[in-house]
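Data block below; observations after.
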There are 2 protein chains.
Amino acid sequence: MDAWARLLRGHASATRELSAQLVTEHGLTINDYEALLYLSRAEEGRMRRVDLAEQLLLTASGVTRLLDGLERAGLVERASCASDRRVTYAVLTAAGRTKLQEASESHLAGVRALFEERFTSEEIVQLASLLERLPEAAGATAADCSP
Amino acid sequence: MDAWARLLRGHASATRELSAQLVTEHGLTINDYEALLYLSRAEEGRMRRVDLAEQLLLTASGVTRLLDGLERAGLVERASCASDRRVTYAVLTAAGRTKLQEASESHLAGVRALFEERFTSEEIVQLASLLERLPEAAGATAADCSP
DNA sequence: ACGCTATAATTGACTCCGCAACCAACTATA
DNA sequence: TATAGTTGGTTGCGGAGTCAATTATAGCGT
């Protein structure tokens, strides 16, 4: 029954470790990194802020502030949507794409160092299949503003 | 390879959900709760702040601020150590113990709702045994100030 | 054409927490 | 005993993120 506490903490510390690495080496938080990552995979490198929030498990205001930083750093810029003037896209810039590539090398190395040293590949599969049952935003990526 | 991101996020959202429940129902954050829990298990209901920090994966300053709040709420109080005048104990008060008991009922119910609905007991054991390999403070509880 | 409600985004005030700098007290060494 | 280094604890500052309130736009139903 107490296993949950340890589970939660082990996880928290792993996340912090990965995040700290990303911050010191590239000046990105783990959410910065993942924002860039989601954008890089999205159609035309752009997403509505609302959709990005859902993916990152942040509130709308959290995303506003996150993107503030990425915009100031020139990694992301704004674009508006012709068919719905409420929406503002976050668009990955060329600089953002470059930054993401740089960061992902060391980040993936960090992930491996943390996880793949401790688990076999079978265990990794097992873990992922278990943990993906936890509450999570469903992965519906609405790429365009007019559905 | 992307499974890690989902793993991390699924976990983060579970933690938030549990924490939010605790906050709205009892006015405790998850760290408040666990601080009370650790204290309740410690010898004489007291711990050095440093040791508490280690258990909670917080920095020394984090614990100072955490305990500020718990002291203001009357759930914890300070005591000094005769043999080492640098150390201040955090001591669980009677009110703190009561609060913990109240909170743990609904918290444990929340944990069950989140996890035990999704996993069989075998899977839970499996998960716990896998996740406890993640980096974590070793559980040495130095109860006294003079070792 | 008109309100009514829902949705996208932003802002201000707040909480939590880490970092760095600091003080005070303990320990070890000269 | 003076001096140096370490450890326990607190404080100021700043980052990250939430909530509640606000603004602007969309899309009904009548």
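Between B:Ala95 and B:Arg78, the contour length at 0.36 nm per residue exceeds the alpha carbon distance by 4.7 nm.
Counting only alpha carbon atoms, the long axis of helix A:121-131 and the longest principal axis of chain A meet at about 60°.
Once the Cα-Cα distance is subtracted from the 0.36 nm per residue extended length, the B:Thr88 to B:Thr120 segment shows a gain of 7.2 nm. Per the rotation superposing chains A and B, the chain A residue found at the smallest beta carbon distance from the axis is A:His11, 2, distance in Å. Under a 5 Å amide H cut-off, with hydrogens placed 1.01 Å from N, A:Thr88 pairs with A:Arg49 among residues at least 5 apart or on other chains. Partner shielding of A:12-18 amounts to 5, given as the average count of beta-carbon atoms from other chains within 10 Å of each residue beta-carbon.
The string of couplings for segment B:45-55 from the Karplus curve (6.51, -1.76, 1.60, θ = phi - 60°) is x, 9, 9, 5, 4, 4, 6, 4, 4, 4, 5 Hz, one whole number per residue in order, with x for Gly and Pro. Here the label points at A:Ala20 and A:Arg112, each 7 Å from Cα along the C-beta direction, are separated by 2.3 nm in the simple model. Modelled spin labels at B:Arg41 and A:Ala60, positioned 7 Å past Cα toward Cβ, are 4.2 nm from each other. Each part reduced to its alpha carbon centroid, segment B:95-118 and segment A:34-113 end up 37 Å apart. Sorted from shortest to longest, the distances between the B:Arg86 label points of this copy and the other copies are 5.8 nm, with each point 7 Å from Cα along the line through the beta carbon.
To the nearest ten degrees, helix A:30-41 and the longest principal axis of the Cα atoms of chain A are 60 degrees apart.
Each peptide in A:105-117, B:47-59 was scored by the mean count of other Cβ atoms within 10 Å over its residues; highest first, the order is B:47-59, A:105-117. To the nearest ten degrees, helix A:3-26 and the longest principal axis of the Cα atoms of chain A are 50 degrees apart. Considering only the label points, 7 Å along Cα→Cβ from Cα, what distances in nm to one decimal separate B:Ala20 from the same position in each other copy, shortest first? Its label point is 2.9 nm from the equivalent points in the other copies.
Distances between copies of A:Gln101, taken at a point 7 Å out from Cα along the Cα→Cβ vector and listed shortest first: 6.3 nm.
Taken over the alpha carbons of segment A:3-131 as equal point scatterers, the Debye sum produces base-10 log I(q)/I(0) values at 0.09, 0.18 Å⁻¹ of -0.31, -1.03. Pairing chain B with chain A buries about 4700 Å² of accessible area. This figure sums both sides and uses a 1.4 Å probe.
The values are calculated or read from the model by the stated rules, or taken from the named source; none is laboratory data. Everything quoted here is computed from the prediction, not taken from an experiment. As a convention, Cβ positions derive from the backbone with ideal geometry for all residues, glycine included, and neighbour counts pool all protein chains shown. Just so you know, the surface numbers come from the protein's heavy atoms only, side chains and all, with ligands and any DNA or RNA stripped out. Shrake-Rupley method; radii C 1.70, N 1.55, O 1.52, S 1.80 Å.
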